[in-house]
Every structure is written in structure tokens, then in C-alpha cells.
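Asks: If you scroll down you'll find the structure; I have some questions about it.
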Amino acid sequence: MKLLELKDKVWKAWKLFNDASGVITQEVTFVQDVKRFGDRRYKATWIRALAQFTAQASYESCLDAYMLVLDNFNFTTNRWDYEYRHEILDAFLAYPDALDLIRTGLEQLFSSEFAPREREEADGFFELVEERSQQPGRDGLPIRLDWRLPSTSSAA
């Protein structure tokens, strides 16, 4: 992604986060917020800002934890933010209860309220978790699901 487009995405993520938080936005505040991540001339600064603002927006607007798995972190190759998926998830995991939210979302997704087809729609999330476990320096998600598949045959 080119820097100009990245800056626009950061602006949108920042606006989304502030809207979710109920904060009135001003361009001056945006510049100050981005400066926290480094020199605004460098793409790495804008990537860090994008990851943080996107993670904050996901956290602040989380009403149903399963949406973290089905939408927020369900990165597929056709999403504009696919190349920044690890940075976004890392920023989200900095929240103290982030793993609990993801675990709750997975438990909800694997409950009887969701069909197997709906679980399959979260492939991008599961691929992300698998990638993380294979990357040096990144831990996999230490989440254990306590779910069992319903029996396909009844006991006689």
C-alpha cells in the first residue's frame, strides 16, 4: 500500500475509534496522536498508528465477542488491511482482557447458536492464528476451547 493511501486508512481508523469512544475529532488531535508512533515521514510510523487505531476501534466497539472472530480479525486476502493483520492483532492483544474477548468469541462461535457454515466463514482468523504460531518471535494465541461436537448418533 502506498503511503498516501495508508495515511487515508489511518485517518479513517482514527475517526472510527474516536466515534466509538464518543470523542469529538479535530485534525490537530489526529496529528498529535500519530506523532506518538514516530516520525510521520516514515511508513512504519503510519503502520503502527493504523494497527493501534484499528485495534482500539475493535476493542471500543466490541458488542458481541464473536464479531472479533467473524469480522474484525477475519483477515482474508481481499481485505485492504490484510498485509497489516499481524500488527493489528498484536496491538489488540496489548489490552489486558483481549484474550478473554477472543476466547469468548470463539466459544460463542462454536456454540449451538452458530451453524458449521458460519464457523467456516472465520477461515481468515484461523489462518492468522496458525501463521502466528509458526513465526519466530510471535506467540500463538494461548486459547483453549472447551467445546465438543454434538453426537451424530444417539445412544441405544
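Asks: When Tyr82 is evaluated against the numbered criteria (1) in contact (Cβ under 8 Å) with a residue 12 or more places away in the chain; (2) closer than 15 Å to Lys9 by Cα, which criterion, by number, is the only one it fails?
Replies: The failed condition is (1).
Asks: Additional query: Cβ-Cβ below 8 Å, separation at least six or inter-chain, first residue in region 110-132 and open to solvent by less than 80 Å² (accessible area, probe 1.4 Å), second part of a loop (DSSP other than H, G, I, E, B) and among the basic types (Lys, Arg): which pairs?
Replies: Correct list of pairs: Gly124/Arg79; Arg132/Arg138.
Asks: Would you point out the residue of region 47-80, among those that are touching a Ser or Thr at 6+ places or on another chain (Cβ under 9 Å) and farther than 24 Å from Phe110 by Cβ, that is surrounded by the fewest Cβ atoms within 10 Å (Cβ to Cβ)?
Replies: Only one residue tops the list, namely Glu60.
Asks: Filter region 27-37 down to the residues that are under 19 Å from Glu60 (Cα atoms) and among the polar types (S, T, N, Q) and list them by number.
Replies: Thr29
Asks: Among Ala20, Ala44, Ala13, which is the only one that is exposed (fewer than 12 other Cβ atoms within 10 Å of the Cβ) and of a type in the set (Gly, Ala, Ser)?
Replies: Working: Ala20 fails: exposed (fewer than 12 other Cβ atoms within 10 Å of the Cβ); Ala13 fails: exposed (fewer than 12 other Cβ atoms within 10 Å of the Cβ).
Testing whether each residue is exposed (fewer than 12 other Cβ atoms within 10 Å of the Cβ) and of a type in the set (Gly, Ala, Ser) leaves just Ala44.
Asks: To continue, here is another question. Residue under question is Glu107, and the condition is that it be open to solvent by 60 Å² or more (accessible area, probe 1.4 Å) and either closer than 14 Å to Arg132 by Cβ or at pLDDT 95 or above (or both); does it hold?
Replies: Details: open to solvent by 60 Å² or more (accessible area, probe 1.4 Å): yes; either closer than 14 Å to Arg132 by Cβ or at pLDDT 95 or above (or both): no.
Considered against the rule, which asks whether it is open to solvent by 60 Å² or more (accessible area, probe 1.4 Å) and either closer than 14 Å to Arg132 by Cβ or at pLDDT 95 or above (or both), Glu107 comes out as no.
Asks: Still on this structure, I have one more. Applying the selection to region 105-117, what residues are in contact with a helix residue (DSSP H, G or I) (Cβ under 7 Å, 6 or more places away or on another chain) and assigned to a helix (DSSP H, G or I)?
Replies: Gly105, Leu106, Gln108, Leu109
Asks: Here's a check for you: in region 1-22, which residue that is among the aliphatic types (A, V, I, L, M) and assigned to a helix (DSSP H, G or I) is modelled with the lowest pLDDT?
Replies: Here the residue is Ala20.
Asks: Can Arg144 be described as at pLDDT below 85 and either in a helix (DSSP H, G or I) or under 17 Å from Asp64 (Cα atoms) (or both)?
Replies: For Arg144, the condition - at pLDDT below 85 and either in a helix (DSSP H, G or I) or under 17 Å from Asp64 (Cα atoms) (or both) - is not met.
The values are calculated or read from the model by the stated rules, or taken from the named source; none is laboratory data. Everything numeric here is computed off the predicted structure, so don't read it as measured data. Cβ sites come from the backbone with ideal geometry, for glycine too, and all protein chains shown count toward neighbours. Ligands, DNA and RNA are excluded from the accessible area calculation, which covers all protein heavy atoms including side chains. Shrake-Rupley method; radii C 1.70, N 1.55, O 1.52, S 1.80 Å.
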